[in-house]
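Notes follow the structure.
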Number of protein chains: 2
Amino acid sequence: MRGFETSEFQARVERAQSRMVQAELSALLLTTEPEVRYFSGYLTRFWESPTRPWFLIVPVTGKPIAVIPSIGAALMAQTWVQDIRTWSAPDLTDDGVSLLVDTLTEICPADAVIGLPDGHETHVRMPLGDFHRLQRGLGTRRLGSDQGIVRALRMVKSPAEITKIETACAIAGRAFQRVPEIAGEGVALDEVFRRFQMLCLDEGADWVPYLAGGAEQGGYTDVISPARATGLRLGDVLMLDTGLVWDGYFCDFDRNWSVGQATRQVRDAYATLIEASDAAFEAARPGATAADLFNVMNAILSRNSGDTGAGRLGHGLGMSLTEWPSLIPSDHTVLEPSMVLTLEPGIAVGDKILVHEENIVISDGAPRYISPRAGSELPQI
Amino acid sequence: MRGFETSEFQARVERAQSRMVQAELSALLLTTEPEVRYFSGYLTRFWESPTRPWFLIVPVTGKPIAVIPSIGAALMAQTWVQDIRTWSAPDLTDDGVSLLVDTLTEICPADAVIGLPDGHETHVRMPLGDFHRLQRGLGTRRLGSDQGIVRALRMVKSPAEITKIETACAIAGRAFQRVPEIAGEGVALDEVFRRFQMLCLDEGADWVPYLAGGAEQGGYTDVISPARATGLRLGDVLMLDTGLVWDGYFCDFDRNWSVGQATRQVRDAYATLIEASDAAFEAARPGATAADLFNVMNAILSRNSGDTGAGRLGHGLGMSLTEWPSLIPSDHTVLEPSMVLTLEPGIAVGDKILVHEENIVISDGAPRYISPRAGSELPQI
């Protein structure tokens, strides 16, 4: 099923509001795509255009209020949000700021603190000049931190959210299985990238916002470069890492293939990656921390020397390609059932790297793979 | 050719620096994907991940300095930027802020003003909490406005940039020609969306960040909704509007088709759209303003009644799907050769709308279509 029952949004808002009471916030002010969508269900690819700001207010009581450009009114009216206030954007003299000030002034008392997501992984999606105008316009009402409320809510997924992520994972899994149809010795990497995105769409993806990868002799130099036009060669390790979307939710995992026979060093390194993600899977139980998963993987990976530069060994996943928490030594987030994580060990092999990634759901007891778990033998094309 | 000669980036930086002298700015601080890429050439889809902030500093003299997560070091080293300072991100206690403070303190005098893009279509892509830490860390050095410098530069394209946009347009043009292969009575709109993105990739797109459209009886309700699973019916008008990317540059135009025979009202409305974009094309000469193009189109469109809610009738185009200027009555940006614009007239037809869009380059004298100009007859599938 696409979309969500209204009860899903009601529950999200109620959970936010109970935390807002604790935090003494009169409202949340949300400006980015996932934040607005989380509480409203407003799903569109139109955010690709940087022109217009969009605002959703979650008051401490009552339903969210949308303060948005008129071009979005018809679509927002299809969500559960009823109070929709629009202006004709872009407006070069007042691009929604006074409408936003008026709305916040109407619903918040004079000593209100209005919370914005302000921590890691967030930004305020409105012009800095308008943000300052908003602050001035609010007078005694103050813009402050949301104290991590939105992050905390989004980190633990509902059953309906998990189903959407699983659907995205299943689509990617089928596309990865078909890679031998499109990749092999002599095929240019940029052609593999294009054809792989077509496979993702053919298997049911709504769109493919993210594809990265690499293919060099015995590994790759990094995992974020655009694909080159050079052909795959025997001895290359091809890696494709995709974040495709189904109904607004991402998968994020990769697969590796050796073009022809891999060296023993490469095969051993790959097996070490799988050993690391298997070990993290075993450790990924309620009560363990994000740091624990890092440490479990790092203990195995550090048998090999060398830093991949990635900065972490996995992360949360959901409405965004990457979400809280981070699998790093300093992230002591305690795992809870219904968190969705990626396990993403990386390893240096000579002057190259190899990276493997799986997606899992934390459950009571053992977790559950939602990407099709890879075996310890590097597949060959 | 992919990428740019180094001279392209040198010229961009020199133009920025000469304006920075006038504006008494010691440096520009850039945080978003197109801003960082414009001065560095740093091209990656990794920005899809919201986790890590990225910073590029353009000092008033000398080359740009990158202050970035270590995961991007290898790719940034392939650009013309030589001074690359990295930290291991995410860092929960100091996510690049002190490294950024140290770098700005090193290169800017104590009374410096550091310019950030702060006007329409911009935002600061870093956590608000970190932005406040940055301000405090800079002490007497002040974060101010870039006074529109980045916008002004990006608005006028180089020949190499225009070639990339033209390449994207040509790819989309070929994909649009093939729509009769994938769309027709009974085919679900979401299937058309998936298949059309595959056509774009098949014709050479690197990726397809944006696809919108609609298909209802005699028009569509809006142009930003996700595609429904309902099948096309006789009498529907199908519209597809894509922003696909080639080598980091967008096209942005649409095409309409009638499923079976269209009514006279729909055909007349469509012909009016083409008349409007043709008239704007004729008016789009150096010295005319963005507002002039709006007025030319609006005079024709307002023979029909009704507002489409779009808020404008076209915009700039380049590294982003939508850029400055906006074709609205209040945007008095004077057109110059080498600006790339979309002409995007919309019209109400009963309770539905129709939208048409072309892409053009402003030249000395008459402009030039870079999308394959549509005729005044609504094509039928």
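Values for this structure:
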quantity: Search result, residues across segment B:178-195 that are more than 9 Å from chain A (Cβ to nearest Cβ) and hydrophobic (A, V, I, L, M, F, W, C); calculated: B:179, B:182, B:183, B:187, B:188, B:189, B:192
quantity: Among (1) surrounded by fewer than 17 Cβ atoms within 10 Å (Cβ to Cβ); (2) not in a loop (DSSP other than H, G, I, E, B), the one test that residue A:78 misses; calculated: (2)
quantity: So residue B:214, is it surrounded by fewer than 24 Cβ atoms within 10 Å (Cβ to Cβ) and among the small types (Gly, Ala, Ser); calculated: no
quantity: Criterion: within 30 Å of residue B:287 (Cβ to Cβ), small (Gly, Ala, Ser) and touching a strand residue (DSSP E or B) at 6+ places or on another chain (Cβ under 8 Å) - qualifying residue of B:204, B:115, B:213; calculated: B:115
quantity: Condition check for residue A:141: assigned by TED's automatic domain parsing to the domain that holds residue A:14 and either farther than 30 Å from residue A:106 by Cα or touching a Cys at 6+ places or on another chain (Cβ under 6 Å) (or both); calculated: yes
quantity: Unique residue being under 21 Å from the mean Cα position of the chain (by Cα), among the aliphatic types (A, V, I, L, M) and closer than 19 Å to residue A:222 by Cβ when the list is A:273, A:317, A:313, A:293; calculated: A:313
quantity: Positions within segment A:224-256 being over 16 Å from residue A:190 (Cα atoms), touching a Phe, Trp or Tyr at 6+ places or on another chain (Cβ under 6 Å) and more than 14 Å from chain B (Cβ to nearest Cβ), in sequence order; calculated: A:255
quantity: Identity of the residue in segment A:101-117, more than 9 Å from chain B (Cβ to nearest Cβ) and in contact (Cβ under 8 Å) with a residue 60 or more places away in the chain, that ends up surrounded by the fewest Cβ atoms within 10 Å (Cβ to Cβ); calculated: A:109
quantity: Residue ID - surrounded by the fewest Cβ atoms within 10 Å (Cβ to Cβ), chosen from residues in segment A:9-67 that are polar (S, T, N, Q) and part of a loop (DSSP other than H, G, I, E, B); calculated: A:61
quantity: Residue count, segment B:89-99 (criterion: surrounded by 15 or more Cβ atoms within 10 Å (Cβ to Cβ) and more than 18 Å from residue B:50 (Cβ to Cβ)); calculated: 2
quantity: Breaking point among (1) within 13 Å of chain B (Cβ to nearest Cβ); (2) in contact (Cβ under 8 Å) with a residue 60 or more places away in the chain, for residue A:92; calculated: (2)
quantity: Residue within segment A:161-170 that is out of contact with any Asp or Glu (no Cβ under 8 Å at 6 or more places or on another chain) and assigned to a loop (DSSP other than H, G, I, E, B) present; calculated: no
quantity: Segment A:203-223, residues that are among the aromatic types (Phe, Trp, Tyr) and facing another protein chain (nearest Cβ under 7 Å); calculated: A:207, A:210
quantity: Among the candidates B:353, B:360, residue that is under 17 Å from the mean Cα position of the chain (by Cα), crowded, with 20+ Cβ neighbours inside 10 Å and more than 19 Å from residue A:48 (Cβ to Cβ); calculated: B:360
quantity: Residues being in a helix (DSSP H, G or I), closer than 13 Å to residue A:38 by Cα and not basic (Lys, Arg) - total across segment A:149-159; calculated: 5
quantity: Within segment A:237-264, tally of residues that are part of a loop (DSSP other than H, G, I, E, B) and surrounded by fewer than 22 Cβ atoms within 10 Å (Cβ to Cβ); calculated: 4
quantity: Failed item in (1) free of Cβ contacts under 8 Å to residues at least 24 places away in the same chain; (2) among the acidic types (Asp, Glu); (3) more than 14 Å from chain B (Cβ to nearest Cβ), with residue A:5 passing the rest; calculated: (1)
quantity: Extreme residue, farthest from the other protein chains (Cβ to nearest Cβ), among residues of segment B:118-139 that are part of a helix (DSSP H, G or I) and charged (D, E, K, R); calculated: B:136
quantity: Residue B:267 being of a type in the set (Lys, Arg), surrounded by fewer than 24 Cβ atoms within 10 Å (Cβ to Cβ), modelled with pLDDT of 95 or more and not in a helix (DSSP H, G or I); calculated: no
quantity: Positions within segment B:171-200 being aliphatic (A, V, I, L, M) and assigned to a loop (DSSP other than H, G, I, E, B), in sequence order; calculated: B:183, B:187
quantity: Flag if residue A:371 is in a loop (DSSP other than H, G, I, E, B), away from chain B (no Cβ under 14 Å), at pLDDT 95 or above and surrounded by 17 or more Cβ atoms within 10 Å (Cβ to Cβ); calculated: yes
quantity: Checking residue A:15 against (1) farther than 29 Å from residue A:207 by Cα; (2) within 8 Å of chain B (Cβ to nearest Cβ), the condition it does not meet; calculated: (2)
quantity: Segment A:308-322, residues that are outside any loop (DSSP other than H, G, I, E, B) and more than 8 Å from chain B (Cβ to nearest Cβ); calculated: A:314, A:316
quantity: Any hit, segment B:325-348, residues being part of a strand (DSSP E or B), within 15 Å of the chain's Cα centre (by Cα), surrounded by fewer than 23 Cβ atoms within 10 Å (Cβ to Cβ) and in the same structural domain as residue B:261 (by TED's automatic domain parsing); calculated: no
quantity: One residue from B:55, B:46 being closer than 27 Å to residue B:19 by Cβ and either modelled with pLDDT of 95 or more or not β-branched (Val, Ile, Thr) (or both); calculated: B:55
quantity: Long-range neighbours under 9 Å by Cβ, at least six apart or interchain, first residue in contact (Cβ under 8 Å) with a residue 60 or more places away in the chain within segment B:61-87, second charged (D, E, K, R) and surrounded by fewer than 19 Cβ atoms within 10 Å (Cβ to Cβ); calculated: B:80/B:63
quantity: Residue B:381 within 11 Å of chain A (Cβ to nearest Cβ) and under 27 Å from residue B:265 (Cα atoms); calculated: no
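The values are calculated or read from the model by the stated rules, or taken from the named source; none is laboratory data. Computed from a predicted structure; not experimentally measured. Neighbour counts are summed over all protein chains in view; Cβ atoms, including those assigned to glycine, are modelled from backbone coordinates with ideal geometry.
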